[in-house]
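Before any comments, here is the structure.
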Amino acid sequence: MTVSLGVMNLILAVVVEKAAEARENDQERKMEQKENERERNMIELAILCDRMDNDGSGALSLKEMLDGFDTDMNFKSLMAFMDIERDDMQTIFKVLDCDGSGE
């Protein structure tokens, strides 16, 4: 009986270890997916900003950002995903306009 309990204990330890390993691998996979999604969103945002650059200057003005928010549904939905509303755009612009150039 003691040998049986010892073997059962050993089997249980292996099962628990395999479950912990699977959970760790799952967390790594989730982090990798999240990083890939962030990269895709950054690329999408860069493409959207380029599309909103109406004057072709290579930079966005506050007016271009606001116009993009009003007319480009992809940009608006991306901002909504980040919980940014139109009223927040001026604050976001000021944060992004680090040199105070207005672009």
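Every number in this text was worked out from the coordinates using simple rules, so none of it is lab data. Note that the structure is predicted; figures quoted are calculated from it, not measured. So basically every Cβ, Gly included, is an ideal-geometry build from the backbone, and we count neighbours across all protein chains shown.
Model label sites at GLN33 and ASP53, defined 7 Å from Cα along the beta-carbon direction, differ in position by 3.4 nm. Once the C-beta distance of MET42 and VAL15 is scaled by a Förster radius of 41 Å, the resulting FRET efficiency is 0.50 to the nearest 0.05. Among the helices of the chain, those built from whole DSSP H runs whose Cα atoms reach 24 Å or more along their own axis and whose mean Kyte-Doolittle hydropathy is at least -0.5 are 2-52. Labels on offer are (1) 1.00; (2) 2.12; (3) 1.96, and the one holding Cα Rg over 2.2 N^0.38 Å computed from this structure is (3). Within a straight-line Cα-Cα reach of under 19 Å, LYS18 can be paired with the following lysines, leaving aside sequence neighbours fewer than 8 residues apart in one chain: LYS30.
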